[in-house]
1. Check Asp72 against each of (1) at pLDDT below 85; (2) not in a loop (DSSP other than H, G, I, E, B) and name the one condition it does not meet.
2. Could you please find all residues in the stretch 3-25 being farther than 19 Å from Leu53 by Cα and aliphatic (A, V, I, L, M)?
3. Please enumerate the residues belonging to the stretch 9-37 that are part of a loop (DSSP other than H, G, I, E, B) and among the polar types (S, T, N, Q).
4. Among the residues of the stretch 38-56, which ones are within 17 Å of the chain's Cα centre (by Cα) and outside any helix (DSSP H, G or I)?
Amino acid sequence: MSIINNRYSTRKFNDREVEGEKIKSILEAAMTAPSSKNKKPWEFIVVDNKKLLIELSSKHKDSKENKMRNMDKSKIHYNGWEKV
């Protein structure tokens, strides 16, 4: 329980590479996480190329901004709850 009670969110990261063994360990833990009907519908992609990561991040940000701009303002979503 202590690991759950003492968890925290990180919003600022160091600009350094994460060791491959740590990434492998995290991915192994993620792949064993439970899912509905044990379907495990996820995919994991590790990007270790800094230039590609910046490019992908930029494209995601542009896409997110376009979605927000074109969103139907009559519907507002709060964590899965819809207010109309």
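The values are calculated or read from the model by the stated rules, or taken from the named source; none is laboratory data. These numbers were taken from a predicted model, which means no experiment stands behind them.
1. Of (1) at pLDDT below 85; (2) not in a loop (DSSP other than H, G, I, E, B), only one is false for Asp72: (2).
2. Matches in the stretch 3-25: Ile3, Ile4.
3. Once the filter is applied, which keeps residues that are part of a loop (DSSP other than H, G, I, E, B) and among the polar types (S, T, N, Q), the stretch 9-37 yields Ser9, Thr10, Asn14, Thr32, Ser35.
4. Selection gives Lys40, Pro41, Trp42, Glu43, Phe44, Ile45, Val46, Val47, Asp48.
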